[in-house]
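Here is the structure we will look at.
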Amino acid sequence: MSQSLLVKFVRDIYQTNEFIPLHAPTFAGNEQEYVLETIQSTFVSSVGKFVDQFEEKIESYTGTAKAVATVNGTAALHAALYMAGVKSGDFVITQALTFVATCNALHHMGAEPIFVDVSPVSLGLCPKAMDDFLEQHAQLTDFGCVHKATKRPIRAVVPMHTFGHPVELDELIAVCLKWNIVLVEDAAESLGSFYKGKHTGTLGDFGAVSFNGNKVITTGGGGMVLCKSLTSGARTKHVTTTAKVPHPYEFYHDEAGFNYRMPNLNAALGCAQMEVLEDYLVQKRALANHYSEFFAKGDYQFVLEPEYAQSNYWLNAIICPSAQIRDELLKMTNSAGVMTRPIWQLMHRLPMFCDAPRGDLKQSEFIEAHLVNLPSSPISL
């Protein structure tokens, strides 16, 4: 496949000679109506009907017991980790192949990541790599799972559903049960993705979703904590709204909480976007099928959803034959006005996480050197 042929293919799909972004927000429904209604009501901050409606829509769609809206995905993950009992000084297992927000949330908790490899099946955290690391470096005590060398608790694991492709959750849950570790799903990229019929973010104790401007649907900025029980959901709502005890006029807060409330303006946008989510998912799946057919006979491997899952195909991706070809493809496509991107630099290469414990990251390093993301905005084909 010539790289110029790829540019022509993408331009034919989007039917434009203008710049083609990686993933642009699409507004095709009641967004303007709902946002204008919010402005006219004057309830533009965290109090207003759209916040409750948005949470209810997410609960209904994902099947979670309680959804709690937040200002962004990082805040959602931070709150989920807090609710999962992660404390300063704890270790949390995650993947080095992730967006920096995953590790930033750990850092804000005072916790430190342990990096283990990803699976070639999902591009997300590999259950076998996690179990192998724990067998070598951890032990179970009366106080839970402990890192042998430092005696620090290994409190939780945070797999990230990379580009919307669900990780191998049954296997990860089994490892968590074996080692007494809490599962918190980073589902920032996977709204609309299902693992064996269950929505991502609902199988762990908590999940975190993002509604950033480049996600499948957007609230401009926003996130959501998915809670497994009504009890944990009520407490999550409490601590993310400054832990204020309800009262007609008194201000009393019973613990140190977070001001993570989603404004009503953002939630209005989210309610309108939820009304067209299914259409976007159909369009994105059709786009993924087009890419898959295009790359079927060449040297590039299109990243397909795992057999056990239904992915939202948030960002389409290919594995290039070599790192050199990857670099050439990135340079040529971006020069031609077709936005492509490499995957994130591995977290242990960043200065703030370079000393974190880690296992063998061979698969992560291969993907880092070979993967390219392709334009993935939903479009009617």
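The values are calculated or read from the model by the stated rules, or taken from the named source; none is laboratory data. None of the values given here were measured: they were computed from a predicted structure. Quick reminder, even Gly has a Cβ in these numbers, built from the backbone with ideal geometry, and neighbours come from all protein chains shown. Note: areas computed on protein heavy atoms with side chains; ligands, DNA, RNA excluded. Shrake-Rupley method; radii C 1.70, N 1.55, O 1.52, S 1.80 Å.
The distance from the alpha carbon centre of the range 168-212 to that of the range 216-260 is 21 Å, rounded to a whole number. Ordering 231, 213, 356 by the projection of their Cα atoms onto the charge dipole of the chain, which places +1 on the Cβ of Lys and Arg and -1 on the Cβ of Asp and Glu, puts 356 at the extreme positive end.
Can you tally the net charge around residue 31? Count Lys and Arg as +1, Asp and Glu as -1, for every other residue whose Cβ sits under 13 Å from the Cβ of residue 31.
Around residue 31, the surrounding residues sum to -3.
Once all protein chains are placed together, residue 354 keeps about 60 Å² accessible to a 1.4 angstrom probe. Placing 344, 314 in order of accessible area, with the largest value first and a 1.4 Å probe, yields 344, 314. Remark: accessible surface ordering of 269, 381, 81 (largest first) is 381, 269, 81, probe radius 1.4 Å.
Here the peptides 279-285, 102-108, 216-222 are ranked by packing, the mean other Cβ count within 10 Å, and the order with the highest first is 216-222, 102-108, 279-285. Net charge of the neighbourhood of residue 333, taken over other residues with C-beta under 15 Å away and scored Lys/Arg +1, Asp/Glu -1, is +1. For residue 111, what is the net charge nearby, where nearby means another residue's Cβ is under 10 Å from its Cβ and Lys, Arg count +1, Asp, Glu -1? With Lys, Arg at +1 and Asp, Glu at -1, the net is +1.
The range 1-80 and the range 338-381 have Cα centres lying 23 Å from one another.
With each label modelled as a point 7 angstrom along the Cα→C-beta vector, the residue 36-residue 381 pair spans 3.5 nm. With the chain treated as a Gaussian network of Cα nodes joined by springs under 10 Å, which of 15, 363, 53 yields the largest mean-square fluctuation? Among 15, 363, 53, the largest GNM mean-square fluctuation belongs to 15. Sorting 255, 171 by accessible area puts them as 171, 255; the probe is 1.4 Å, largest comes first, and only protein heavy atoms count. The value of relative contact order for the chain, using C-alpha pairs under 8 Å at least six residues apart, is 25 percent. Per-residue ellipticity at 222 nm, computed for the chain from helices alone with -39500 (n - 2.57) per DSSP H run of at least four residues, works out to -11500 deg cm²/dmol.
If R0 equals 41 Å, the separation of the Cβ atoms of residue 304 and residue 256 corresponds to a calculated FRET efficiency of about 0.35.
Please report the antiparallel percentage of the DSSP beta bridges confined to the chain, to the nearest 5. That works out to approximately 65 percent antiparallel. Apolar share of the accessible surface for the chain: 54 percent from carbon plus sulfur atoms, 1.4 Å probe.
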